[in-house]
Amino acid sequence: YAPDGWDTLVKFLKKHNIPPSLAEKLGLVVKKQGGDGYYDRFRNRVIFPIRNVEGKVIGFGGRRIKESDEPKYINSPESEIYHKRKNFYGLDSSKDHIRKNKRAIIVEGYTDFLSLFSAGIKNVVATLGTSLTRDHVVTLRRYTDRIVVVFDGDESGVKAAVRSLD
């Protein structure tokens, strides 16, 4: 959980002598425009650590708690270590299950992944957004050649599923 404050993380970093420029590179804080200082990127959100296939944290996703907060999701920006078109949410936990089941189920989001995984469907991963890319498919091919796409039934999910067919 990221508290509802503009500088909660910034103060924490300062207290522990961690340079805010490092947190900026990781996408945790944002440099103020037209002034000195930084502010927290994630505020009043449930935080989902995004890990690479080895289990190392490479980024974060944050989902709003209050309906009035926009946007619904905030994600870490692309960086040297985080590329949303190449990574999946949950692959570090599900890769062995994908191999064992000889099938990968791809869903849209963090909560979709967590719902299925906690219900015992463990050969699942989530894209980091609604786009399934060629890089995603190349990554999954290391574990299986059978892929099932289960995106949301809303307009953007249907469009993403159709685009993924290519």
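The values are calculated or read from the model by the stated rules, or taken from the named source; none is laboratory data. These numbers were taken from a predicted model, which means no experiment stands behind them. Ideal geometry is used to build each Cβ from the backbone, glycine not excepted, and the neighbour counts take in all protein chains shown. Each accessible area value is taken on the protein alone, full model and side chains, heavy atoms only, with ligands, DNA and RNA left out. Shrake-Rupley method; radii C 1.70, N 1.55, O 1.52, S 1.80 Å.
I'd like the accessible area for residue 116, computed on protein heavy atoms only with a 1.4 Å probe and all protein chains in place. Round to 10 Å², please.
50
At a Cα cut-off below 19 Å, give the lysines reachable from residue 31, other chains included and same-chain residues fewer than 8 away excluded.
List returned: 11, 14, 15.
Can you tell me what share of the DSSP beta bridges in the chain is antiparallel? A percent to the nearest 5 is fine.
70
Does the range 108-150 come out rounded, prolate or oblate by the C-alpha gyration tensor, with a ≥ b ≥ c the root eigenvalues, rounded set by a/c under 1.5 and, if not, prolate when a/b is larger than b/c and oblate if not?
Oblate shape, in that a/c is at least 1.5 and b/c is the bigger or equal ratio.
Around residue 8, under 10 Å between beta carbons, what's the net of Lys plus Arg minus Asp minus Glu among the other residues?
-1
How much area per residue is accessible in the chain when the probe is 1.4 Å and only protein heavy atoms are counted (Å²)?
61
Summarise the accessible area of the range 88-166 (1.4 Å probe, protein heavy atoms) by the percent that is carbon and sulfur.
Of the solvent-accessible surface of the range 88-166, carbon and sulfur hold 50 percent.
How would you classify the range 1-81 from its alpha-carbon gyration tensor, with a ≥ b ≥ c the square roots of the eigenvalues: rounded for a/c under 1.5, else prolate if a/b is greater than b/c, otherwise oblate?
Verdict is oblate for the range 1-81.
Considering only Cα-Cα distances, which of the following residue pairs are longer than 25 Å: 32/72; 84/159; 100/159; 32/86; 66/159; 32/159?
Violating the 25 Å limit, Cα to Cα: 100/159; 32/86; 66/159; 32/159.
Using only alpha carbon pairs under 8 Å that are at least six residues apart, calculate the relative contact order of the range 84-166 and give it in whole percent.
Relative contact order, the range 84-166: 37 percent.
What's the extension gain from residue 52 to residue 81 if we count 0.36 nm per residue and subtract their Cα-Cα distance?
9.5 nm
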